[in-house]
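Engineer: Have a look at this one.
Values in this text are rule-based calculations from the coordinates and carry no lab data. Given the structure is predicted, the values throughout are model-derived calculations rather than measurements. Note: ideal-geometry Cβ built from the backbone for every residue, glycine included; neighbour counts use all protein chains shown.
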Amino acid sequence: MTTLVSWPTRLPLPTYDGYALEPESAVSRTDMESGPARQRRRFTQTPTRIPVRWRMSAVDFATFEAWFRLKLDDGADWFAISLLGGSGIAAHEARFVGQGNAPYKAVPSRGGAWIVTSVLEVRERPMLDAGALEILLAEDVVVLFANIQTLHSTLHVGLPVSIRW
């Protein structure tokens with residue numbers, strides 16, 4: 001079993017410019033000769049493509065190029081990176097798919113910076129489980145979080161140390 005390579009901590013995370021989540025469809029659609037089209041779920045898990053953009057210093061770009069070639073086998077391997085999703089910034093398994101024939105595009109910018117753009121494919125995005133979804137659909141989230149904060153304060157601040165569990 002191989003160890004998953006991690007995004008270098010010295011490199012920046014993607015910027016918000018152009019960032020988007022583009023999930024592939026898990027649905028198969030059949031157009032009928034008459035009547036409405038039929039749709040069915042075809043897959044339980046599909047990859048998501050995320051267009052990304054980094055602004056890197058010259059040293060960061062040199063690090064990125066070497067990491068891409070030496071650690072990712074020129075982009076063939078999956079790697080771990082923190083990306084923004086519906087649950088906030090979380091760890092994802094991703095790989096470079098790029099645009100066209102290039103895995104990424106690097107353009108020099110003023111001040112010695114490099115603008116690097118690409119498209120990442122992530123295996124599975126972290127998201128709420130069924131239980132958390134039911135709570136959020138049934139409850140007023142603002143009141144729920146206020147009650148959680150009140151309970152936390154009561155247990156960890158208000159109670160004497162001898163009573164806390």
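Engineer: DSSP H helices in the chain with Cα extent of 15 Å or more along the helix axis and mean Kyte-Doolittle hydropathy at least 0.0?
Structural biologist: TM-like helix candidates: 141-153.
Engineer: Separate question: If only Cα atoms are counted, what is the Rg of segment 14-125, and what is its Dmax, in Å?
Structural biologist: Cα radius of gyration and Dmax of segment 14-125 are 17.6, 61 Å respectively.
Engineer: Hey, what do the phi angles of segment 99-105 turn into as Karplus ³J(HN,Hα) couplings, whole Hz, using 6.51/-1.76/1.60 and θ = phi - 60°, x for Gly and Pro?
Structural biologist: 10, x, 8, 9, x, 7, 10
Engineer: If packing is taken as the mean number of other Cβ atoms within 10 Å per residue, what is the order of 126-133, 51-58, highest first? Before the final figure, lay out each step's value.
Structural biologist: Values: 126-133: 10.1, 51-58: 16.9.
Answer by packing, highest mean first, reads 51-58, 126-133.
Engineer: Comparing LEU72, LEU137, LEU11, which has the greatest mean-square fluctuation in the GNM of the chain with Cα pairs linked when under 10 Å apart?
Structural biologist: Result for the chain, Cα springs under 10 Å: LEU137 fluctuates most.
Engineer: Between segment 28-94 and segment 98-160, what's the alpha-carbon centroid distance in Å?
Structural biologist: Using only Cα atoms, the two centres lie 15 Å from each other.
Engineer: Which value in deg cm²/dmol, rounded to the nearest 500, describes the helix-derived mean residue ellipticity at 222 nm for the chain, given -39,500 (n - 2.57) per DSSP H run of n ≥ 4 and division by the residue count?
Structural biologist: -5500 deg cm²/dmol
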